[in-house]
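Report on the following structure.
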Amino acid sequence: MLVGLHHTAISTPDLERSIAFYRDLFDFEITMDWSWPKGTDAMDSTHRLRGTSGRVVMLEKGAARLEIFQYETPTPQPESGERTNVDHGLCHFCFEVTDIPAEYERLRAAGVEFHHAPVDHGTCACTYARDPDGNIIELIEYYAQD
């Protein structure tokens, strides 16, 4: 029986930068931080690779969890360019917020790159931004329904 979505995982070339981004700008807390050496069969098996090594950190805020990996081996391959929301695969993840205009301004002032200002869709407003690795993040605020 499905319980729910547990976490979203991100691979990054700079773990400390990613931790700082999600911790400092979105108030996530580190709940797990560990490394594994090359030759760890369990990690090689679950990642369907041989010779993996690296570090992984789990960040949590409420029920939201982000698992961020920085691999040492094998050498990670960078994205071929700026991923768009129409590309196949994981295209974005979304944080629900209150007072989206204030969150937009706070994050923009902190240097977060947004695609656009918040857009009103009637029952909600949303905007899209990029994290330091170019991953798309959506912010959404649902309006109270009378």
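Each reported figure results from applying straightforward, stated rules to the coordinates on display, with no laboratory input. Given the structure is predicted, the values throughout are model-derived calculations rather than measurements. Here the Cβ is made from the backbone with ideal geometry for all residues, glycine too, and neighbour counts use every protein chain on show.
Observations on the structure shown:
- Spin-label zone in segment 41-81 - amide nitrogen under 17 Å from a point set 7 Å from the Cα of residue 93 along the C-beta vector: 55-71
- Expressed in Å, the radius of gyration and Dmax of the Cα atoms of segment 95-136 are 10.3, 31.
- Relative to the longest principal axis of the Cα atoms of the chain, helix 100-109 runs at roughly 60 degrees.
- Between segment 76-119 and segment 1-41, the alpha-carbon center distance in angstrom: 18 Å
- Length available on full extension from residue 142 to residue 6: 0.36 nm per residue minus the Cα-Cα distance, which gives 46.7 nm.
- Selection among 28, 53, 63 by position relative to the dipole of segment 8-73 gives 53 as farthest towards the positive end (Cβ unit charges, Cα centre).
- Looking at segment 93-142, the DSSP beta bridges with both ends there are about 75 percent antiparallel.
- Two-site label geometry, residue 60 and residue 82: point separation in nm, points 7 Å out along Cα→Cβ: 3.6 nm
- Charge dipole (debye, nearest 20) of the chain; +1 at Cβ of Lys and Arg, -1 at Cβ of Asp and Glu: 540 debye
- DSSP beta bridges confined to the chain are antiparallel in about 75 percent of cases.
- Rounded to the nearest 20, the Cβ-based charge dipole of segment 8-73 about its Cα centre (Lys and Arg +1, Asp and Glu -1) stands at 220 debye.
- Between 0 and 90 degrees, the angle of helix 15-26 with respect to the longest Cα principal axis of the chain falls at about 20 degrees.
- Beyond 20 Å, the tail of the calculated P(r) for the chain holds 55 percent of the Cα pairs.
- Residues of segment 51-66 with amide N under 19 Å of a point placed 7 Å along Cα→Cβ from residue 32: 52-66
- Toward the positive end of the charge dipole of the chain, with +1 on the Cβ of Lys and Arg and -1 on the Cβ of Asp and Glu, the farthest Cα among 9, 123, 136 is that of 9.
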